[in-house]
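Structure first, commentary second.
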Amino acid sequence: MAETFERDHFAKICEMMRSDNVHERAVAAERATTYLGRFGMTWSSFIAIGSTPGSTASRTSARPFYSSPPPPPTKARQAAHD
């Protein structure tokens, strides 16, 4: 049986990339990249389609992963992770 791309699952993986922990972000990025690869996609191809594979959603109706962009890193936060 063919696996189905699950947008909510992928979104949860991507949410982990907002972690303050650099290692958690790295693991989340690797998991997301691996998940895309299971469907024969790269980040570039995923972004180019504007929605999930097989979706009928238009680019304007696709739900964003985040309601707003994450805040820029502070010097203190950067120093803590370096």
(request) Considering only region 15-38, state which residues are open to solvent by less than 50 Å² (accessible area, probe 1.4 Å), farther than 22 Å from Thr74 by Cβ and not hydroxyl-bearing (Ser, Thr, Tyr). (result) Ala32, Leu36, Gly37
(message) Checking the structure you have, find out if any residue of region 53-63 is small (Gly, Ala, Ser) and at pLDDT 95 or above.
(response) no
(message) List the residue pairs whose Cβ atoms are under 9 Å apart, where the first residue sits in region 1-28 and is closer than 14 Å to Phe46 by Cβ, the second is outside any helix (DSSP H, G or I) and open to solvent by 90 Å² or more (accessible area, probe 1.4 Å), and the two are 6 or more positions apart or on different chains.
(response) Phe5/Arg38; Arg7/Arg63; Ala11/Arg63
(message) Looking only at region 25-52, count every residue that is in a helix (DSSP H, G or I), hydroxyl-bearing (Ser, Thr, Tyr) and either farther than 15 Å from Glu15 by Cα or at pLDDT below 90 (or both) and tell me the total.
(response) 3
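The values are calculated or read from the model by the stated rules, or taken from the named source; none is laboratory data. Here the structure is a predicted model, which is why all the values come from computation and not from measurement. Methodologically, a virtual Cβ is constructed for each residue, glycine included, from the backbone with ideal geometry; neighbour enumeration extends over all protein chains shown. Accessible surface is based on the protein model in full, side chains and every heavy atom, while ligands, DNA and RNA are left aside. Shrake-Rupley method; radii C 1.70, N 1.55, O 1.52, S 1.80 Å.
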